[in-house]
Amino acid sequence: MTLKVLGILGSPHPFGGSGQLLRCALEAAQREGAETKLLSVYEGEIKSCQGCIQDEEPNCRFPCIFEDYGRELLIEINQADVLLIGTPVYWYAPSGLLKNLIDRMTCLENMVAYGEPSYMEGKVVGVITVGADAGLTLAGGYLLTVLNAMGAIIPPWAHAYSRQAKGAIFDDRAVMDAINVGLLAVGLAARLKAQQGRISYLDDRNLLEEIRHKILAQKEAFESRYGKTTLSKSGP
């Protein structure tokens, strides 16, 4: 069975630091035979959660009450075996639109109120953060804590981070860590399905350089076509 890996980018910059490292993780996952997809929270509207879980007759259930891009992302998340999230750090936390999506993911977890398991249960998750100082670990720790509270499983080495902003792709340790986020998330997901999978850290300079070269080539091709742009609802 081919594992489905979904990357969610919480940045308006497709090839900013978090986008670079998230792509490294997805490339590593793909090399393990997984099917990968990358989506950004900035590609469409994600309405804010309305807290209907607190209603007397709760309406909070998958795929959420709103028919927007957020719902499309929730459906993609539900179909994935592995969820990898990359975000810049905005004031010690994930980006605002990513936080909107996290709040909306309550509808996946709240299926327990309808006699079903949480729809996040059994999914393997990893996170990547790019920013400054304490915010790196605070934002990453927040994401892993929330996702685990929803039922997701955290593999070893599940958090990669860099302080080098748009130069994260040249941060050797961060790139190797991001590669391991992808490798080990897929490895654990494979083991959960009674397949073989890696669950120990890989330090491979040749692999690092191969993946870095590929991501830099993707970045160059993207910027050659679109310029150094940000994403929007109508963007590429």
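The table below gives the values:
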| read-out | value |
| --- | --- |
| Potential lengthening between Glu223 and Val112 on full extension [0.36 nm per residue; Cα-Cα distance subtracted] | 35.5 nm |
| Over region 44-147, relative contact order from alpha-carbon pairs under 8 Å, at least 6 apart, % | 31 |
| Computed over the chain: relative contact order in percent, which uses C-alpha pairs under 8 Å that are six or more apart | 25 |
| Zone residues, region 8-22, relative to Gln164, backbone N less than 12 Å from point 7 Å out along Cα-to-Cβ | 17, 21 |
| Alpha carbon centroid spacing (whole Å) that separates region 104-181 from region 1-59 | 10 |
| Segment Gln195-Glu210, length gained on full extension (0.36 nm per residue, minus Cα span) | 2.8 nm |
| Peptide ranges 74-80, 2-8, 194-200, 120-126 listed from the most packed, as the mean C-beta count within 10 angstrom indicates | 120-126, 2-8, 74-80, 194-200 |
| Calculated [θ] (222 nm, deg cm²/dmol) that DSSP helices of n ≥ 4 give over the chain, each run adding -39,500 (n - 2.57) | -13500 deg cm²/dmol |
| Listed residue pairs exceeding 18 Å between alpha carbons, taken from Lys99/Lys228; Lys37/Lys193; Lys166/Lys228; Lys4/Lys123; Lys4/Lys37; Lys37/Lys214 | Lys99/Lys228; Lys37/Lys193 |
| The chain - share of DSSP beta bridges that are antiparallel (%, nearest 5) | 5 |
| Cα-centred dipole magnitude for region 4-226, charges only on beta-carbon of K, R (+1) and D, E (-1), debye, nearest 20 | 520 |
| Net lengthening on full extension, Ala132/Asn59 (0.36 nm per residue, minus Cα-Cα) | 22.4 nm |
| Identified option (computed percent of Cα pairs over 34 Å apart; candidates (i) 20; (ii) 11; (iii) 16) | (ii) |
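Just so you know, all these numbers are worked out from the coordinates, no wet-lab data involved. The shown structure was predicted, so the numbers you read here are calculated from the model rather than taken from an experiment. So basically every Cβ, Gly included, is an ideal-geometry build from the backbone, and we count neighbours across all protein chains shown.
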